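Q: To start, I am sharing the structure in question, which I have written as structure tokens.
The values are calculated or read from the model by the stated rules, or taken from the named source; none is laboratory data. Everything numeric in this text was worked out from a predicted model, so none of it was measured. Every residue, glycine among them, receives a Cβ derived from its backbone with ideal geometry; neighbour counts consider all protein chains shown. Each accessible area value is taken on the protein alone, full model and side chains, heavy atoms only, with ligands, DNA and RNA left out. Shrake-Rupley method; radii C 1.70, N 1.55, O 1.52, S 1.80 Å.
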Amino acid sequence: MLLSQLPRSPHDWAKALCSVPCWQLTPEALLPAASAHDDAWLVLFGKALDARDLAQVARLLADHEVEASLYPLGEQAGVPLLLLGANRFSPELVQAIKGQEWDIDVCHLAILPTLGEPGLLVMDMDSTAIRIECIDEIARLAGVGDQVAAVTAAAMQGKLEFADSLRSRVALLEGAPVTILDEVAAAMPWMPGLQLMVDTLKQSGWTVAIASGGFTRFAGELQQALGLDAIFANELAVEGGLLTGKVSGRIVDAAVKAEVLQQLARQHEIPVAQTVAVGDGANDLKMMGVAGLGIAIHAKPLVRAQAAATLNHHDLEGVLCLLGALACRDRRWC
């Protein structure tokens, strides 16, 4: 089957591909194959997914001498997705994919966790589980918004050591009324797909936690609302109804986030291959590095470059597209 003859929409491919259970992808065509590759993976997903994306991936695979098999079309969270099994994992292919323009999300992965088995997902909070940086909102209400936001941006880009940057930002909040925290919590916007992601993971037997450089006041709100298994965040010191400008206890920085993921995996006896870390900032990279799969969501350039998977066109429903992709192995074209 020539790629140029495939209907544009993958929903219309079944009639053309129904006659053969397994297809190998080449730059020009899909060829009948005796068996499918499963040593590494590519996942293509998005509402705009069409035959042109498969052709673009086929050219990149050929350029990097990676063989791939096409599994039947799947869907997660209302998003169509294609799973390709590869004969090997290629870091060079990852960078080539990240260097091209796409209207969908495309990820080449050595490890792909599955919703079919229990797992662990640990996510950042600010700009990941929620759409704001809470400290910036607190600072805005306290009248020091510009000063704090500038430091936050530099820290998330990896230009500043996180713990020091947090202490300097929190110091600017000294004397602010603690009621500001309630005001921010009441208007805290969740990242789209958060509820669906957590509910789906919990129904699939997964453990879900937050490890955040933000604050317990807000992480606790999410834990109560979503039924999260654990939260790890920083505690703002309060005295006489006012913020003291200090953080109580150990700061949750990049190293602590990585420790949290490993600790929870051991506690719940979850293999590394079934662990996932989701975040957007430089202080999430260590956590992503020890997880089976690290997912960057709407992330800073440094994080997009280093994360195993990147969500540029999707919110947290994109996590379900990745974790649900292996279900395509059990599907048929017709």
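Q: Among all residue pairs at least 6 apart or on different chains, which show Cβ distances below 6 Å where the first residue, located in segment 235-261, is within 15 Å of A211 (Cβ to Cβ) and the second is open to solvent by 30 Å² or more (accessible area, probe 1.4 Å) and acidic (D, E)?
A: What qualifies is G249/E235.
Q: Further question on the same structure: Go through (1) in contact with a Lys or Arg (Cβ under 9 Å, 6 or more places away or on another chain); (2) over 24 Å from A309 (Cα atoms); (3) outside any loop (DSSP other than H, G, I, E, B); (4) not polar (S, T, N, Q) for L30 and report which single condition fails.
A: Status for L30: all satisfied but (1).
Q: If C321 satisfies every condition in (1) within 21 Å of T200 (Cβ to Cβ); (2) part of a helix (DSSP H, G or I); (3) touching a Gly at 6+ places or on another chain (Cβ under 8 Å) but one, which is the exception?
A: (3)
Q: Identify, from the list A327, A299, A305, the residue that is part of a helix (DSSP H, G or I) and closer than 13 Å to Q157 by Cα.
A: On the way: A327 fails: closer than 13 Å to Q157 by Cα; A299 fails: part of a helix (DSSP H, G or I).
A305 is the lone residue from the list that is part of a helix (DSSP H, G or I) and closer than 13 Å to Q157 by Cα.
Q: Moving on to the next point. Examine segment 105-123 for a residue that is outside any loop (DSSP other than H, G, I, E, B), of a type in the set (G, A, S), in contact with a Gly (Cβ under 9 Å, 6 or more places away or on another chain) and open to solvent by less than 20 Å² (accessible area, probe 1.4 Å), and state whether such a residue exists. Spell out the reasoning first.
A: In the first step, residues of segment 105-123 are kept if they are outside any loop (DSSP other than H, G, I, E, B); the result is 105-109, 120-123.
Those left that are additionally of a type in the set (G, A, S): none.
No: zero hits.
Q: Against the condition touching a residue at least 24 places away in the same chain (Cβ under 8 Å), under 19 Å from V319 (Cα atoms) and open to solvent by less than 30 Å² (accessible area, probe 1.4 Å), how does W190 come out, does it pass?
A: Numbers: touching a residue at least 24 places away in the same chain (Cβ under 8 Å): yes; under 19 Å from V319 (Cα atoms): yes; open to solvent by less than 30 Å² (accessible area, probe 1.4 Å): no.
Spelling it out, it is not the case that W190 is touching a residue at least 24 places away in the same chain (Cβ under 8 Å), under 19 Å from V319 (Cα atoms) and open to solvent by less than 30 Å² (accessible area, probe 1.4 Å).
Q: Something else now. Can you tell me which residue is most open to solvent (accessible area, probe 1.4 Å) among those in segment 129-143 that are within 13 Å of F218 (Cα to Cα) and not in a helix (DSSP H, G or I)?
A: That would be R131.
Q: Hey, another quick one. Look at L54 and say whether it is within 25 Å of the chain's Cα centre (by Cα), touching a residue at least 24 places away in the same chain (Cβ under 8 Å) and open to solvent by less than 50 Å² (accessible area, probe 1.4 Å). Talk me through it step by step, then tell me what you get.
A: Values: within 25 Å of the chain's Cα centre (by Cα): yes; touching a residue at least 24 places away in the same chain (Cβ under 8 Å): yes; open to solvent by less than 50 Å² (accessible area, probe 1.4 Å): yes.
Yes, satisfied.
Q: Now, a different point. For segment 144-238, list the helices (runs of 4 or more DSSP H) that sit wholly inside it and hold at least 1 residues that are charged (D, E, K, R) and in contact with a Ser or Thr (Cβ under 9 Å, 6 or more places away or on another chain); which are they?
A: Working: elements: 145-156, 162-171, 179-186, 194-203, 216-226.
Counting at least 1 such residues, we get 162-171.
Q: Related question: Would you mind finding the one in A155, A163 that is within 22 Å of the chain's Cα centre (by Cα), more than 30 Å from E117 (Cβ to Cβ) and at pLDDT below 90? I'd like the intermediate steps shown before the answer.
A: On the way: A163 fails: within 22 Å of the chain's Cα centre (by Cα).
Within the list A155, A163, the selection yields A155.
Q: In segment 73-104, what residues are among the aliphatic types (A, V, I, L, M) and part of a helix (DSSP H, G or I)? Working first, answer last.
A: The initial filter retains those residues of segment 73-104 that are among the aliphatic types (A, V, I, L, M), namely 73, 77, 79, 81-84, 86, 93-94, 96-97, 104.
Passing the criteria: L93, V94, A96, I97.
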